[in-house]
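Bear in mind that the values in this text are calculations on the coordinates, not laboratory data. Note that this is a predicted model, so its numbers are computed, not measured. Every residue, glycine as well, gets a Cβ built from its backbone with ideal geometry; the counts of neighbours run over all protein chains shown.
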Amino acid sequence: QHQAMKHRLYTLIFPMDIYRNRVLLGMKKRGFGQNKLNGFGGKVEADESVAQGASRELCEESGLSPTEEPEKCGLLLFYFENDPVAMEVHVFITRSFAGQPQETDEMRPEWFDIREMPFEHMWADDPSWWPYVLDGKLFVGRFWFKADMVTITRQELAQVGS
Ligand SMILES: CSc1nc2ncnc(N)c2[nH]1
């Protein structure tokens, strides 16, 4: 019968400075996605909500702490050749946060103009869904990657909900 696919839960959060049309990205200094610019995030712990996990990771990785519940933007599902576990990435933005961006062991934070995103240094799927984040349209995106984690063999992207 049908073998259910396992999903591992992740968060991805983007601090937005709406007054200056900027988004904070982090240059990953080690581990998964090393040398890529990305939002902040990671795995969700057992004792926290997905939104709490996003806030925790942002604080740990950038020094910024959200002062309101992060806003849900969308859901990304990533599938990899020869890997039975998919990544289920819950995407958030936060417009209200305390602190100044700090470089950490994990990340070197840097502000970017939201209309000049450094996609050449980001994950290959990002240009597909980033416009939905900017338009405030809730989205679900599914991306199938080859083992190189760069080549996308199939993708689906839809606006959903309200
Ligand atoms: C492995 S495919 C992938 N694309 C991504 N985009 C943005 N943040 C991530 N963590 C991503 N992972």
* Structure fact -> Those residues of the stretch 89-132 which are closer than 16 Å to G33 by Cα and among the basic types (K, R) amount to R108
* Structure fact -> Taking the stretch 84-124 and the residues there that are of a type in the set (D, E), without any contact (Cβ under 8 Å) to a residue 40 or more places away in the chain and more than 26 Å from E45 (Cβ to Cβ), the one that is surrounded by the most Cβ atoms within 10 Å (Cβ to Cβ) would be E116
* Asked: (1) assigned to a loop (DSSP other than H, G, I, E, B); (2) within 14 Å of the ligand (Cβ to nearest atom); (3) in contact with a helix residue (DSSP H, G or I) (Cβ under 6 Å, 6 or more places away or on another chain): which one isn't true of P101, the others all being true?
  -> (2)
* Asked: Of all residues in the stretch 57-76, which are in a helix (DSSP H, G or I) and over 10 Å from I13 (Cα atoms)?
  -> C59, E60, E61, S62
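Among what's in the stretch 1-34 and is within 16 Å of the ligand (Cβ to nearest atom) and free of Cβ contacts under 8 Å to residues at least 40 places away in the same chain, pick the residue that is nearest to L75 (Cα to Cα).
F32
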* Among residues belonging to the stretch 14-60 that are of a type in the set (K, R) and surrounded by 13 or more Cβ atoms within 10 Å (Cβ to Cβ), point out the one that is nearest to Y132 (Cα to Cα). => R22
